[in-house]
1. Would you grab the residues whose amide H sits under 5 Å from the one on Val73? Only those 5+ places off in sequence or on another chain, please, with H modelled 1.01 Å from N.
2. Against the longest principal axis of the chain, how steep is helix 53-62, in degrees 0 to 90 to the nearest 10, with axes from Cα atoms?
3. Kindly flag which residue pairs out of Lys2/Lys58; Lys2/Lys39; Lys5/Lys86; Lys2/Lys72; Lys20/Lys72 have an alpha-carbon separation exceeding 32 Å in this structure.
4. Please give the Cα centre distance for the stretch 61-86 versus the stretch 1-55, rounded to the nearest Å.
5. Determine the dipole magnitude for the stretch 8-85: charges of +1 sit on the beta-carbon of Lys and Arg, -1 on that of Asp and Glu, nothing else is charged, the reference point is the Cα centre, and the result goes in debye to the nearest 20.
6. How charged is the neighbourhood of Ile6? Take every other residue with its Cβ under 10 Å from the Cβ of Ile6, and add Lys/Arg as +1 and Asp/Glu as -1.
7. Just one of [x] 52; [y] 49; [z] 29 is percent of Cα pairs over 20 Å apart calculated from these coordinates, so which is it?
Amino acid sequence: MKTRKIPLRTCVVTKEKLEKKDLIRIVKNKNNEIFIDEKGKANGRGAYIKRDIDVLNKAKESKILDRHLETKVPNEIYEELENIIK
């Protein structure tokens, strides 16, 4: 039997290659709306972040999501990410 390939994505903060289930995707769509993509299928520019509170804090301090999504990420998104991780 053929083994399935597990999709790997890179965390924008730690640069680790992890399975999609270990990451959270943040998306900016064409209308410049920023939201958390639970299913990982939404259209738009996406950035993956590891499901770890330390990584989230590092992303917030360094504003790495702002650079990857090319826009300002509101604090509500960081709060929502914190709730998802906990």
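1. Here Asp66 satisfy the definition.
2. Once rounded, the angle reads 50 degrees.
3. Working: Lys2/Lys58 39 Å; Lys2/Lys39 25 Å; Lys5/Lys86 29 Å; Lys2/Lys72 44 Å; Lys20/Lys72 24 Å.
Exceeds cut-off: Lys2/Lys58; Lys2/Lys72.
4. Value for the Cα centre distance between the two parts: 13 Å.
5. On the way: 18 positive and 15 negative charges, 94 e Å.
I would put it at about 460 debye.
6. Details: positive: Arg4, Lys5, Lys20, Lys21; negative: Glu19.
Cβ neighbours under 10 Å give a net charge of +3.
7. Checked against the structure: label [z].
No lab work stands behind these numbers, since they all come straight from the coordinates. Values in this document were obtained by computation on a predicted structure and should not be read as measured data. Neighbour counts are summed over all protein chains in view; Cβ atoms, including those assigned to glycine, are modelled from backbone coordinates with ideal geometry.
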